[in-house]
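First the structure, in the form of structure tokens, and then the observations on it.
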Amino acid sequence: MKPFRAILLGMLALSGSILLAAESTGDDLPHVRCDGRRLMFGWHGGAPHRVDVSALIRADTLNSAQVLTAQRSGDVDYFVVCVSGPSTGESSGTESNLLWLKLKSWKLLDSQSMLYQSFWESLQPIGDYHLKAGVLTLRYLNQRESTDYVLRYDSSRPDGKIALSRAGDVE
């Protein structure tokens, strides 16, 4: 029953990210697709751009990706992307990361990866992503610690990366 619950929660989290992307900036978001452990970014009919995120993810391979926010500052692009894929090994679990990417001419200048769903680390998302006043939030439960955490990204400060807090400390 636990693998089914993990898959169901992962699907709910991803459905929330799709809604969030549609609400945040609409057509300004690039399309993204998975290519093994890399992401392929592209805008309507343009040439795709490959970004290697293999060092940032826990999944064996990526099977879903969704751009949640995208900003440009000068010639630098900032993206927050939700990625998921199967756990490594013989498990039927899922590993999901929230990635913050800083790119210039599609070259990775800086990055951050926050694991929020993991079969191996006993992490589960709580509810959907939320976007309010340009601030993206995602809650997850660390079952080993019995503690809720909040991931927060302020799109008005794109170079600020993703902040991690205990849920009780930010409410």
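Brief remarks follow.
- Residue among S73, S92, S118 that alone is modelled with pLDDT under 95, within 18 Å of Q143 (Cβ to Cβ) and not hydrophobic (A, V, I, L, M, F, W, C): S92
- Screening S92 with (1) touching a residue at least 60 places away in the same chain (Cβ under 8 Å); (2) in a strand (DSSP E or B); (3) polar (S, T, N, Q) gives one miss only, at (2).
- Within the stretch 123-144, the set of residues being modelled with pLDDT of 95 or more and of a type outside the set (K, R) comprises L123, Q124, P125, I126, V135, L136, T137, L138, Y140, L141, N142, Q143.
- Among the candidates S111, S84, S96, residue that is under 14 Å from Y153 (Cα atoms), under 15 Å from the mean Cα position of the chain (by Cα) and not aromatic (F, W, Y): S111
- Residues located in the stretch 83-98, provided they are open to solvent by less than 40 Å² (accessible area, probe 1.4 Å) and not polar (S, T, N, Q): V83, G85, G93, E95, L98
The values are calculated or read from the model by the stated rules, or taken from the named source; none is laboratory data. What you see is a predicted model; the values in this text were computed from it and never measured. Here Cβ is always computed from backbone atoms with ideal geometry, including for glycine, and neighbour counts include all displayed protein chains. Ligands, DNA and RNA are excluded from the accessible area calculation, which covers all protein heavy atoms including side chains. Shrake-Rupley method; radii C 1.70, N 1.55, O 1.52, S 1.80 Å.
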